[in-house]
Amino acid sequence: MHLARFPRHRLFPAPTPLEKLGNLSRHLGGPEIWIKRDDCTVVASGGNKVRKLEFLAGEALAQGADTLVTQGAVQSNHVRQTVAVAARLGMRCVVLLEHRVETNDPMYLTSGNVLLDRLMGAEIEYRPGGIDMNAAAEAKGAELRAAGSRPYVIPGGGSNRVGALGYVACAQELMAQVDEMGLKIDRVVHATGSAGTQAGLVVGLEGCNAGVPVLGIGVRLPRPQQEANVHRLANEVAEYVGMRGGIAREAVVANCDYVGPGYGQPTEGMREAVSLLARLEGILLDPVYSGKGMAGLIDLIRTGKIDAGERVVFLHTGGSVGLFGYQGFFEQGFAA
Ligand SMILES: *Cc1c(COP(=O)(O)O)cnc(C)c1O
């Protein structure tokens, strides 16, 4: 695969750090856990969407766009990172925020990511929960085009074949990093939502024959739908990068047992995972994605489903800004 064939606008200095979580590994008495710090991608407190936005912004610039349009939940990390990139590129940014999480909590509705969206000058419109948000973003793009703008519409989570190239690049970066360090790794684990991260990682790792399986921990959909979404996108990405033979269905594995009551709804496992990483390692996870992803990893270790002899890389996809949208939930925990 030859990623320099695709337009790319560099946004952060690669590689992101790869750190050993010695305290957490000792605490769990299980495998050796490492963390790939994609929360350290610089732009407005970072996160995994910045990698996708390198390729999405590259294409937007190549097309002469003057406006980025995207969508997400009210506490969307993807929206916050897109707003930041638009600001940095001197573009207008129009975003649709979906009331996907049913809540009247003023912290959820005004703090965290959405506060930063406003600070960075996003033009925000709200939509009710449950509608087709990608269609709504396309409609908004058409409206802006009709009014004389040159919009570039980015799907939810930046998850299309262009955005997923960011995680093909991440897979290549990770393998170069561990080979340089002489570190043999057995597995990569991360939170999976709109599918672009996992699709890109799977294509990137398969493409360099790494023999390292990826486990996505779902945060929204049941397993069959999540795996189907990732597999469909992975095949599109494989074709886009010119990889022959496509992606085997078995290469896509998602465990969706840690979603809890639904997307963005807190779980006790998430609370424990966020607290453990904070107290043992000084690392901030997030309540919607990486907290549930780590809750899954911890449970799979405790139940012996991930072998104590392994070396596991947890991909930290960012999102700690979202903690401020969940202040009430964490304060209840301190009081208890
Ligand atoms: C978007 C996001 C994810 C999930 O990545 P997808 O590519 O949407 O599957 C994981 N963690 C965080 C913090 C995110 O913002």
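The values are calculated or read from the model by the stated rules, or taken from the named source; none is laboratory data. Fair warning: this is a prediction, and the values are worked out from it, not measured in the lab. Backbone-built Cβ (ideal geometry, glycine too); neighbour counts: all protein chains shown.
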Count of the range 249-281 residues which are hydrophobic (A, V, I, L, M, F, W, C), assigned to a loop (DSSP other than H, G, I, E, B) and without any contact (Cβ under 8 Å) to a residue 40 or more places away in the chain:
1
Return the pair list, or none, for Cβ contacts closer than 7 Å from residues in the range 174-197 that are under 16 Å from residue 317 (Cα atoms) to residues that are within 16 Å of the ligand (Cβ to nearest atom) and of a type in the set (Phe, Trp, Tyr), at least 6 apart or on different chains.
189/314; 190/314; 191/289; 193/289; 196/167; 197/167
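Matching residues to (1) touching a Phe, Trp or Tyr at 6+ places or on another chain (Cβ under 9 Å); (2) free of Cβ contacts under 8 Å to residues at least 60 places away in the same chain; (3) surrounded by 24 or more Cβ atoms within 10 Å (Cβ to Cβ); (4) under 23 Å from residue 329 (Cβ atoms):
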residue: 45; (1), (2), (3), (4): no, no, no, yes
residue: 53; (1), (2), (3), (4): no, no, yes, no
residue: 83; (1), (2), (3), (4): no, yes, yes, no
residue: 86; (1), (2), (3), (4): no, yes, yes, no
residue: 100; (1), (2), (3), (4): yes, no, no, yes
Within the range 59-80, of all residues that are closer than 16 Å to residue 153 by Cβ and of a type in the set (S, T, N, Q), the one surrounded by the most Cβ atoms within 10 Å (Cβ to Cβ) is 70
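Are any residues in the range 319-336 aliphatic (A, V, I, L, M) and touching a Leu at 6+ places or on another chain (Cβ under 8 Å), and if so, which ones? Give the steps one after another, and end with the answer.
Keep residues of the range 319-336 that are aliphatic (A, V, I, L, M), which gives 321, 323, 335-336.
321, 323, listed by residue number.
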Counting just the residues of the range 301-322 that are surrounded by fewer than 21 Cβ atoms within 10 Å (Cβ to Cβ) and either within 14 Å of the ligand (Cβ to nearest atom) or touching a residue at least 60 places away in the same chain (Cβ under 8 Å) (or both), which one comes out farthest from residue 113 (Cα to Cα)?
309
Exactly one of 80, 26, 88, 100 is among the basic types (Lys, Arg) and more than 30 Å from residue 277 (Cα to Cα), and that residue is 88
Failed item in (1) crowded, with 20+ Cβ neighbours inside 10 Å; (2) without any contact (Cβ under 8 Å) to a residue 60 or more places away in the chain; (3) within 17 Å of residue 205 (Cβ to Cβ), with residue 167 passing the rest:
(2)
If you take the residues of the range 1-29 that are buried (at least 18 other Cβ atoms within 10 Å of the Cβ) and over 21 Å from residue 182 (Cα atoms), which of them is modelled with the lowest pLDDT?
1
Only listed residue being polar (S, T, N, Q) and either in contact with a helix residue (DSSP H, G or I) (Cβ under 7 Å, 6 or more places away or on another chain) or on the phi > 0 side of the Ramachandran plot (or both), chosen from 134, 104
134
Residue in the range 282-298 that is surrounded by fewer than 19 Cβ atoms within 10 Å (Cβ to Cβ), on the phi > 0 side of the Ramachandran plot and either within 16 Å of the ligand (Cβ to nearest atom) or assigned to a loop (DSSP other than H, G, I, E, B) (or both) present
yes
Pick from 62, 136, 57: which is touching a Pro at 6+ places or on another chain (Cβ under 7 Å) and more than 16 Å from the ligand (Cβ to nearest atom)?
62
Could you check, for the range 181-199, whether at least one of its residues is within 11 Å of the ligand (Cβ to nearest atom) and among the β-branched types (Val, Ile, Thr)?
yes
Being assigned to a helix (DSSP H, G or I), of a type in the set (A, V, I, L, M, F, W, C) and either in contact with a Gly (Cβ under 6 Å, 6 or more places away or on another chain) or in contact (Cβ under 8 Å) with a residue 12 or more places away in the chain (or both) is the filter here; which residues of the range 143-163 pass it?
144
If we ask which residues in the range 196-235 are touching a Cys at 6+ places or on another chain (Cβ under 7 Å), surrounded by fewer than 24 Cβ atoms within 10 Å (Cβ to Cβ) and among the hydrophobic types (A, V, I, L, M, F, W, C), their number turns out to be 1
